[in-house]
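So the structure is just underneath, and the comments pick up after that.
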Amino acid sequence: MPRNSNDSTALSGGEGSLPEALSVPTKDVTRGWVASIVAINIGINVIFFAPINVLLGLQATAIDAGSKEAILSLVTACGASVALVANPLFGALSDRTVSKMGRRSPWILAGAILGAASLLLLSGATTVALMLLGWCALQAAANAAYSAVTATIPDRVPEGRRGGIGGLAAMGQTVGVLLGAVVGFVISGNIAVGYMICAAALIVSVIPYVLRPNDPVLPREFRPSFNVVDFLKGFWINPLTHRDFGWAWLTRFMMNTGNQMTIVYLLFFLTDVVRYPDPAGGVLILTGVYAVMVIISAVILGPISDRSGKRKIFVIISSIVIACSALIIAVTQNFTGALIGAAVLGLGFGAYLAVDFALLTQVLPSARSRGKDMGVINVANSLPQVIAPTLAFISVRILGGYTALFIVAAIIGIFGALLVRNIRSVP
């Protein structure tokens, strides 16, 4: 019996009487459903990474070139702070949703619509204040959608298939990252057009999912009564009571912190250190190399992990490979070294995304709160976006420049890899 089914069984008095929305999934999902999940992952990652990698940096430079690093750090950190709250909050709200569309679809649709509106606001932002408003609004909307789509996998996918599905979701994320770099390259400095392309991509990406009934409906009688105090208390998952969940959260947090430190100043690194003649084009090339390697490793190693029944060894090795990529860039500090580092990063991160996601779904505390619990896990993705820009800024300005930045990122990643060994319930 998977570990996340216990309290949902208690809720109704027996597993046989549970509605499909709260049951342990045993029926395999269709290819069409998987394709729709991949599409949403593509759309959401386009709107995250086109701005993070290129658009926000260009916008910061246009507003005040002398303070571009500080502006970018401020905007991305504030946006990530919003994501910290939005992801678990909307995940918890989706857990309680009794719509005829199911628990997750309404939030995916609403998040896409509001996200597109936020991107249009960003397209006209000419001040730091408007950048902050637009990016924070986008983070809230996109995380509403992302928290819901993330929860659909433990909702619908049997445990023994989650490595493979996680690999395909990782492929969707990576294609979104790559397309985000393409947007940054093809706009030729026209920031407004870039944001408009992102808005269109987000809306198109959710259409296959929301046009068909994909989500099991939660019967109204299974929705627990609402109490503000209990609702807020539910966001605290005691790491002493749920040790494996706590260790899994911490290791993902550390890996994402190191990875965010590596990419947050990539445009500036190519501009100021490598002095690459076309920095936006360089970002596209590096992202393309990274993306190809992510797709290969995620699609291959996710199913291998399913067949072997093992998760931790794949997560540990891939985490060490990711840390090595930062060291390669730190030592070489030229475009060739950056290319090699991007390839190594992609190789490690593809396996990590696929297998660590499967591992996380196996340590969720509760079947009836998968959306909230995955939202708490996703804080480990968002919180590094607050911390990493600050650590990157300190590394570049105080600790000795980009060499220090990449070395610090590698050290954080290696410690994250070592902590995976503390997870006991998953082999």
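The values are calculated or read from the model by the stated rules, or taken from the named source; none is laboratory data. Bear in mind the structure is a predicted one, so any value in this text is a computation, not a measurement. In this analysis, Cβ positions are derived from the backbone assuming ideal geometry, glycine residues included, and neighbour counts consider all displayed protein chains.
Identify the residue in the stretch 291-317 that is basic (Lys, Arg) and in a helix (DSSP H, G or I) and, among all such residues, is surrounded by the fewest Cβ atoms within 10 Å (Cβ to Cβ).
The qualifying residue surrounded by the fewest Cβ atoms within 10 Å (Cβ to Cβ) is Arg307.
What is the residue count in the stretch 146-195 for residues that are in a helix (DSSP H, G or I), closer than 30 Å to Leu364 by Cα and not polar (S, T, N, Q)? Reasoning before the result, please.
As a first pass, look at the stretch 146-195 and keep what is in a helix (DSSP H, G or I): 146-156, 159-186, 191-195.
Retained after the next criterion (residues that are closer than 30 Å to Leu364 by Cα): 146-156, 159-177.
Going one step further and asking which of them are not polar (S, T, N, Q), we end up with 146, 148-149, 151, 153-156, 159-172, 175-177.
Selection size over the stretch 146-195: 25.
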#### Entry: Odd one out for Gly350 among (1) crowded, with 24+ Cβ neighbours inside 10 Å; (2) modelled with pLDDT of 90 or more
(2)
### Task
Give the residue that is surrounded by the most Cβ atoms within 10 Å (Cβ to Cβ), with candidates limited to residues of the stretch 367-426 that are of a type in the set (Ser, Thr, Tyr) and within 28 Å of Val273 (Cα to Cα).
Ser382
#### Entry: Cross-chain or 6+ apart pairs with Cβ under 6 Å, the stretch 142-167 first and farther than 25 Å from Ala110 by Cα, then β-branched (Val, Ile, Thr)
Pro158/Thr26; Arg162/Thr361; Gly163/Val355; Gly167/Val299
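Counting only residues that are within 30 Å of Ala404 (Cα to Cα) and either touching a strand residue (DSSP E or B) at 6+ places or on another chain (Cβ under 6 Å) or hydroxyl-bearing (Ser, Thr, Tyr) (or both), give me the helices (runs of 4 or more DSSP H) lying completely in the stretch 212-290 with at least 1 of them. Quick ask: steps written out before the conclusion?
Values: elements: 228-233, 243-263, 266-272.
Of the helices (runs of 4 or more DSSP H) lying wholly inside the stretch 212-290, those with at least 1 residues that are within 30 Å of Ala404 (Cα to Cα) and either touching a strand residue (DSSP E or B) at 6+ places or on another chain (Cβ under 6 Å) or hydroxyl-bearing (Ser, Thr, Tyr) (or both) span 243-263, 266-272.
Mind listing just one residue for me: the one in the stretch 191-215 that is of a type outside the set (D, E, K, R) and at pLDDT below 90 and, of those, nearest to Ala60 (Cα to Cα)?
First, the residues of the stretch 191-215 that are of a type outside the set (D, E, K, R): 191-211, 213-214.
Now restrict to residues that are at pLDDT below 90: 211, 213-214.
Numbers: Leu211: 38, Pro213: 42, Asn214: 40 Å.
Ranking the qualifying residues of the stretch 191-215, first place goes to Leu211.
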### Message
I'd like to check something: does the stretch 220-236 contain any residue that is out of contact with any Lys or Arg (no Cβ under 6 Å at 6 or more places or on another chain), buried (at least 17 other Cβ atoms within 10 Å of the Cβ) and closer than 19 Å to Ile42 by Cα?
### Response
no
### Task
State which residue pairs qualify: first residue without any contact (Cβ under 8 Å) to a residue 12 or more places away in the chain and inside the stretch 246-268, second residue surrounded by fewer than 22 Cβ atoms within 10 Å (Cβ to Cβ) in any location, beta carbons under 7 Å apart, and separation of 6 or more residues or different chains.
Gly246/Pro239
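Suppose we filter Thr257, Thr287 for residues that are surrounded by 22 or more Cβ atoms within 10 Å (Cβ to Cβ) and modelled with pLDDT under 85; which single one remains? Steps first, answer last, please.
Working: Thr257 fails: modelled with pLDDT under 85.
Being surrounded by 22 or more Cβ atoms within 10 Å (Cβ to Cβ) and modelled with pLDDT under 85 holds for just one of Thr257, Thr287, which is Thr287.
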### Message
Of the residues Leu56, Leu74, Leu93, Leu89, only one is modelled with pLDDT of 90 or more, closer than 19 Å to Gly180 by Cβ and in a helix (DSSP H, G or I); which?
### Response
Leu56
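Residue-by-condition table, conditions (1) under 21 Å from Gly167 (Cα atoms); (2) touching a helix residue (DSSP H, G or I) at 6+ places or on another chain (Cβ under 8 Å):
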position	(1), (2)
Ser225	no, no
Gly234	no, yes
Arg252	yes, yes
Met255	yes, yes
Thr262	no, yes
Ile295	yes, yes
## Note on the structure
When the stretch 260-284 is checked residue by residue, the ones that are buried (at least 22 other Cβ atoms within 10 Å of the Cβ), in contact with a Pro (Cβ under 7 Å, 6 or more places away or on another chain) and not hydrophobic (A, V, I, L, M, F, W, C) are Gln260
### Task
State whether one or more residues within the stretch 182-189 are closer than 25 Å to Leu109 by Cα, surrounded by 20 or more Cβ atoms within 10 Å (Cβ to Cβ) and in contact (Cβ under 8 Å) with a residue 60 or more places away in the chain.
yes
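Test of understanding: among Ser99, Ser118, which residue is in a helix (DSSP H, G or I) and either within 18 Å of the chain's Cα centre (by Cα) or not aliphatic (A, V, I, L, M) (or both)? Full working, then the answer.
Details: Ser99 fails: in a helix (DSSP H, G or I).
Every option except Ser118 fails the conditions.
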### Query
Within the set of pairs 6 or more residues apart or between chains, which connect a residue that is crowded, with 20+ Cβ neighbours inside 10 Å inside the stretch 62-91 to a residue that is among the basic types (Lys, Arg) with Cβ atoms less than 6 Å apart?
Pro88/Lys372; Gly91/Lys372
